[in-house]
Amino acid sequence: MKTALTIAGSDSSGGAGIQADLKTFTVLGVYGMSAITAITAQNTLGVKDVLEVSPQLVRAQIDVTAGDIPVDATKTGMLANAAVIEAVEDAIKANKLVPYVCDPVMVAKSGATLLKPEARDALVKRLFPLATVVTPNRREAAALTGVDVDRLNSVAAAKDAARRIIALGAQAVVVKGIVVGQEVIDVFHDGKEFYELAGKLQPAEKSHGSGCAFSAAITAGLANRLSLLDAIDQAKQLVNTAIQYSDGQGRGTAPVNVLAFAPRKK
């Protein structure tokens, strides 16, 4: 069995963060491990409180885990602050954690800030160059490129944002969530070619944890030795299914149901 490590925040309601990541790893047949960067008190209505884990403890979790169990692929999600980002950078380098998927989590679906604004530069400078792929949604891509999010509303605009993110140091990028009619287009750019991955428009009220599940599915795919494009394609299918079959928990944005996805047999 292949292994994957998620370095991210905890969601007490189980819909996003490391909880979503570990469920996704399991569904895709990968043994999941975690290093927690922050403990959040949250539910489907929003984030109520956050306790950031010290950089030293984040680093220790990664080192102790990777020092015992070989890691086939790694992802990061919520990193909270620049000091944690620096610790994660050092740990990725020291433990040779590749392939590595960087989900640049900045803001929760409820609008709560999950990355301090002053930490964005650290995220870009320290982690983007290490990442196999970076997976921003529209809002994150807009923040990273300085473009108004309302203008990032077409495939052409997503391609331009992808080019700019590659110019920031990323090796490859997927700009997620471009709505075109009744489809949602994700634009993948590897620095040379563009690929458009289309899926049916799904209800936003059933999408809590969709970004976490997407990056976790890419990570699991890479752990299972899929090509990057195939891993992204599988992740797109998983998220579409997980939103479609959300069981509707909670009174806010319901969490995705990754357990509904059945991966293709090899």
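Data overview
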read-out: Accessible-area value, residue 164, 1.4 Å probe, nucleic acids and ligands omitted, Å²; value: 110 Å²
read-out: The range 58-115: C-alpha gyration tensor shape, a/c 1.5 cut-off, then a/b vs b/c; value: prolate
read-out: Cα gyration tensor shape of the range 133-266, rounded if a/c is under 1.5, else prolate or oblate by comparing a/b with b/c; value: oblate
read-out: The chain, helix-only ellipticity at 222 nm - DSSP H runs n ≥ 4, -39,500 (n - 2.57), divided by all residues, nearest 500; value: -10500 deg cm²/dmol
read-out: Net charge, residue 222 excluded, C-beta distance under 13 Å - Lys, Arg +1, Asp, Glu -1; value: 0
read-out: Amide H contacts of residue 179 (H built 1.01 Å from N, under 5 Å, at least 5 apart or other chain); value: 185
read-out: Accessible heavy-atom area order of 90, 186, highest first, probe of 1.4 Å; value: 90, 186
read-out: Cut-off under 5 Å, modelled amide H: who pairs with residue 43 long-range; value: 48
read-out: Part-to-part distance (alpha-carbon centres) for the range 221-253 and the range 87-157, which is given in Å; value: 19 Å
read-out: Rounded to 5, the percent of DSSP beta bridges in the chain classed as antiparallel; value: 50 percent
read-out: For a label point 7 Å along the Cα-to-beta-carbon line of residue 155, residues of the range 224-243 with backbone N under 17 Å; value: 233
read-out: Selected from 17, 191, 32 as most flexible by GNM, with the chain as the system and alpha-carbon contacts under 10 Å; value: 191
read-out: Cα coordinate range in the range 2-52, projected on the principal axes (Å, largest first); value: 35, 20, 8
read-out: Pairwise Lys count, the range 29-165 - Cα closer than 16 Å, eight or more residues apart or different chains; value: 5
read-out: Convex hull of Cα atoms in the range 173-230, direction-averaged projection (nm²); value: 4.4 nm²
read-out: Distant-in-sequence amide H partners of residue 78 (H built 1.01 Å from N, under 5 Å); value: 9
read-out: Options (i) 21.3, 70; (ii) 16.6, 49; (iii) 17.4, 54 - which one matches Rg and Dmax of the Cα atoms in Å as calculated here; value: (ii)
read-out: Kyte-Doolittle at least 1.0, axis length at least 15 Å by Cα - qualifying DSSP helices, the chain; value: 210-223
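The values are calculated or read from the model by the stated rules, or taken from the named source; none is laboratory data. Not measured: the values here are computed from a predicted model. Don't worry about glycine lacking a Cβ; one is built from the backbone with ideal geometry, like all the others, and counts go over all protein chains shown. Ligands, DNA and RNA are stripped out before the accessible areas are found, and what is left, the full protein with its side chains, is counted by its heavy atoms. Shrake-Rupley method; radii C 1.70, N 1.55, O 1.52, S 1.80 Å.
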